[in-house]
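The block underneath contains the structure these notes are about, expressed in structure tokens.
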């Protein structure tokens, strides 16, 4: 369940169209996502996701696509908090360290950078429980026409 503060902001932004969206998205729920903090005045949302065995690649580390999914699952809600409905247009990941099962969780801190017309720009960092950098991301979202 979304924290009340986040849900209130989303409802305010979407108005009577809130029921048109799956909030929280099933993929966020199935990945075990959890909202940790939001600082809307700074354009920041922090989430965390458990490191699960079913995410591991043959080398015993979380597959990069699952790390990217955690990032996308943080950028998506943040984008709904700061702008009209939009979709991910580009997501670029840069990995620094493997995400291994001993880490238990990965934390994603996403930040809204700017809006230029229909384009929204974001950055994100993925860290372990000790604050070590695991990956960085930058993303561009596209505001859906007619919203």
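Where a number appears in this text, it was derived from the coordinates with a stated rule and is not lab data. Since the model is a prediction, treat every value here as computed from it, not as a measurement. Glycine also receives a Cβ, built like all others from the backbone with ideal geometry; neighbour counts cover every protein chain displayed.
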Q. Over segment 90-141, one equal point on each Cα, no solvent: what is log10 I(q)/I(0) by the Debye formula at q = 0.22, 0.30, 0.31, 0.32 Å⁻¹?
A. -0.77, -1.11, -1.15, -1.19
Q. Which distance in Å, rounded to a whole number, links the C-alpha centroids of segment 76-112 and segment 1-42?
A. 15 Å
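Do me a favour and compute the ellipsoid semi-axes for segment 42-121 from its Cα gyration tensor, root of five times each eigenvalue, largest one first, whole Å.
Working: eigenvalues 146, 31, 20 Å².
Sorted largest first and rounded, they come to 27, 12, 10 Å.
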**Q.** Sequence ranges 62-75, 21-34, ranked by mean other-Cβ count within 10 angstrom, highest first
**A.** 62-75, 21-34
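Starting from the Cα-Cα distance between residue 63 and residue 37, subtract it from 0.36 nm times their residue separation and give me the gain in nm to one decimal.
Details: separation 26, 0.36 × 26 = 9.36 nm, distance 2.55 nm.
Additional length available on full extension: 6.8 nm.
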Q: Scale the Cα Rg of the chain by the rule-of-thumb value 2.2 N^0.38 Å and send over the ratio, two decimals.
A: 1.03
Q: Please find the FRET efficiency linking residue 30 to residue 92, where r is the Cβ-Cβ separation and R0 is fixed at 25 Å, and quote it to the nearest 0.05.
A: 0.55
